[in-house]
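What follows is a set of notes on a single structure, which appears directly below.
Laboratory data are not the source of any read-out in this text; all were calculated from the coordinates shown. What you see is a predicted model, and the numbers here were worked out from it, not measured in a lab. Heads up, the Cβs are rebuilt from the backbone with ideal geometry, glycines too, and the neighbour counts pull from every protein chain shown.
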């Protein structure tokens with residue numbers, strides 16, 4: 001047998017393997033929904049609390065028809081994307097300012113540790129009072145959750161840049177800004193991207209908690225109001241929407257990651 | 001006055017518990033176009049001395065004076081430290097970009113001369129170790145330094161690339177008539193490449209002895225120098241000197 005045929009065989013084997021995995025993944029999904037439907041249908045699980053796939057699907061159709069779902073979805077998505085971008089950007093900027101002065105970094109160190117250890121959602125009521133019961137509070141909530149951890153992770157990436165790279169720049173008499181642009185930033189791209197991925201999750205936490213508190217619009221608000229009137233169909237519908245959106249957002253960040261890593265040749 | 005005069009350099013490293021004397025009573029001078037080597041055991045302060053000459057570290061005491069009002073220093077490290085996110089071309093032009101100098105033909109000419117023009121658009125990890133070290137030399141030469149500091153630039157290479165690159169660096173430096181200081185712990189390399197060899201002692205690092213390499217060896221490229229009849233005797237002399245000072249295992 002020639003190598004060409006062997007290679008074809010190898011590829012076919014790989015294709016079959018990945019198809020098999022996909023098949024099992026879909027099967028598992030169907031089984032979960034089937035289990036959910038059957039147990040609630042036969043009242044093994046209380047349908048009042050656990051809803052059921054069919055009830056959620058029905059609600060989805062009604063809500064799409066009377067256009068009362070998408071404004072909330074859109075609102076939450078916007079808040080999350082803005083919070084996510086600003087949180088990461090702000091974290092990067094703070095990390096840059098820490099990097100540019102060793103003294104500032106040393107002075108700020110214990111404050112960062114305290115801020116990082118503190119559960120940011122505890123600030124919720126304060127944020128609500130300061131920024132008012134509106135979209136701004138929700139975004140600030142999202143930023144506050146992701147910004148400190150971004151700062152810490154990105155700053156430590158800046159510090160871990162191989163010191164011989166810095167020596168090369170020093171020997172060319174490069175300024176701090178030049179060193180940052182040519183060496184420190186590109187060397188830290190993989191870390192910055194990995195914080196992006198973490199921040200997708202964190203921003204969703206911030207936005208949903210923010211909407212719980214502000215309670216006027218968005219998927220977080222739908223969950224709270226569904227809970228208050230004991231309409232768990234609505235709670236589950238919102239949950240499923242959140243899961244789908246968060247996954248899409250994560251996949252988008254993964255695409256950006258692939259593009260950037262290729263661009264900077266990692 | 002010589003091209004560079006190094007006078008009574010002394011350097012200490014401090015930490016919370018103690019201090020170490022890295023260098024003591026270092027004095028020597030280099031003439032323009034000369035190639036000198038420092039050999040000695042690892043950790044004897046040779047690299048520290050290079051950093052001091054390069055102006056990266058301020059010595060505890062002592063002065064370095066040079067003839068020219070200012071000297072541009074090129075530094076070649078043990079590994080190439082080319083930036084993986086820049087192409088070969090961008091890596092070589094980096095120094096010029098930072099100094100805001102017009103790169104013009106410099107990069108292209110260097111690549112042509114090094115017979116590596118085909119690598120201009122490639123990235124460092126696509127090249128072999130020897131080629132990368134050549135590119136690192138091109139990056140150093142691009143800014144046209146008057147003094148070159150070579151900190152064990154061949155130690156991370158396999159034997160074949162090492163011999164190959166020794167010839168290449170030696171010829172290139174002669175062609176550009178550069179003054180150079182090489183740090184190494186390979187006695188053969190020091191003899192084959194330099195005009196003068198300084199032998200260092202360990203902790204604190206001082207110059208124990210200096211050896212002037214005879215013209216017969218100096219006029220040959222490093223590879224041929226290793227086979228010259230005058231090579232073995234001087235190798236033996238330096239070897240014995242090192243053993244006498246308790247560093248039998250320096251190579």
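Rank these for me by crowding, B:243, B:58, B:189, B:90, going from fewest to most other beta carbons within 10 Å.
In order of increasing Cβ crowding within 10 Å: B:58, B:243, B:90, B:189.
Would you work out if the stretch A:1-92 is rounded, prolate or oblate? Take a ≥ b ≥ c from the square roots of the eigenvalues of the alpha-carbon gyration tensor; rounded if a/c is under 1.5, else prolate when a/b is larger than b/c, oblate otherwise.
Here the stretch A:1-92 falls in the oblate category.
So for the stretch B:82-144, averaging the separation of alpha carbon pairs under 8 Å that are six or more residues apart and normalising by length, what relative contact order in percent results?
Relative contact order of the stretch B:82-144: 52 percent.
Counting each DSSP H run of 4 or more residues in chain B as -39500 (n - 2.57), what helix-only mean residue ellipticity at 222 nm follows after dividing by all residues, to the nearest 500 deg cm²/dmol?
About -10000 deg cm²/dmol.
At 4 °C and 1.567 mPa s, what whole-number value in µm²/s does Stokes-Einstein give for the translational diffusion of chain B, with Rh from the Kirkwood sum over Cα pairs?
68 µm²/s
Using only Cα atoms, find the angle between the long axis of helix B:129-142 and the longest principal axis of chain B, and express it within 0 to 90 degrees, rounded to the nearest 10.
Relative to chain B, helix B:129-142 is tipped by roughly 90 degrees.
Inverting the mean 1/r over all pairs of different Cα atoms, compute the Kirkwood radius of the stretch B:161-201 and quote it in Å. Each step should come with its number before you reach the end.
Working: mean 1/r = 0.0910 Å⁻¹.
Evaluated over the stretch B:161-201, this radius sits at 11.0 Å.
Taking the Cα atoms of the stretch A:103-165, report the difference between the largest and smallest coordinate on each principal axis, in whole Å and largest first.
Extents along the principal axes, in whole Å: 51, 20, 18.
If I take all pairs of Cα atoms in the stretch B:85-209, what percentage of them are more than 19 Å from each other? Don't skip to the end; give the middle numbers.
Working: 4053 of 7750 pairs.
Tail of P(r) above 19 Å: 52 percent of Cα pairs.
Per DSSP H run of at least 4 residues, take -39500 (n - 2.57); add these up for chain A, divide by its residues and hand me the 222 nm value, nearest 500 deg cm²/dmol.
Per the formula, -28000 deg cm²/dmol.
In whole angstrom, how far apart do the alpha carbon centroids of the stretch A:206-241 and the stretch B:121-147 sit?
If you average the Cα positions of each part, the centres end up 60 Å apart.
Need one number: convex hull volume per residue for the stretch B:185-230, Cα atoms only, in Å³. Working shown, then result.
On the way: hull volume 2.9 nm³, N = 46.
Hull volume normalised by residue count: 63 Å³.
Output the relative contact order of the stretch A:15-166, whole-number percent, from Cα pairs under 8 angstrom with separation of 6+ residues.
26 percent
Rounded if a/c is under 1.5, else prolate if a/b is larger than b/c, else oblate: which is the stretch A:1-156, with a ≥ b ≥ c the root eigenvalues of its Cα gyration tensor?
Taking the square roots of the gyration eigenvalues as a ≥ b ≥ c, the stretch A:1-156 is oblate.
Rg and Dmax of the stretch A:69-206 over Cα atoms: what are they, in angstrom?
17.3, 60
Please compute, over every Cα-Cα pair in the stretch A:43-89, the percentage with a separation greater than 18 angstrom.
So the pairs more than 18 Å apart make up 55 percent of the total in the stretch A:43-89.
Of the residues A:208, A:154, A:240, which exhibits the maximal mean-square fluctuation in a Gaussian network model of chain A defined by a 10 Å Cα contact cut-off?
Ranking A:208, A:154, A:240 by mean-square fluctuation puts A:240 first.
Starting from the alpha-carbon convex hull of the stretch B:56-97, give the projected area averaged over all orientations, in nm².
Approximately 4.9 nm², given one-decimal rounding.
How would chain A be classified by its alpha-carbon gyration tensor: rounded, prolate or oblate, with rounded meaning a/c under 1.5 and the a/b versus b/c comparison settling the rest?
oblate
Take the Cα gyration tensor of the protein assembly as shown, multiply each eigenvalue by 5, square-root it, and list the three semi-axes largest first, rounded to whole angstrom.
Equivalent ellipsoid of the protein assembly as shown: 65, 29, 20 Å, largest first.
Note down the relative contact order for chain A as a percent, whole number, built from C-alpha pairs under 8 angstrom at least six residues apart.
Averaging sequence separation for qualifying contacts and normalising by length gives 24 percent for chain A.
How long are the semi-axes of the equivalent ellipsoid of the stretch B:82-144, defined as square roots of 5 times the Cα gyration tensor eigenvalues? Whole Å, largest first.
Working through the eigenvalues yields semi-axes of 17, 12, 10 Å.
Quick one: P(r) of the stretch A:3-45 from all Cα-Cα pairs, 10 Å bins, percents rounded to integers, in order of increasing distance.
Result returned by the calculation: 26, 25, 20, 15, 10, 4.
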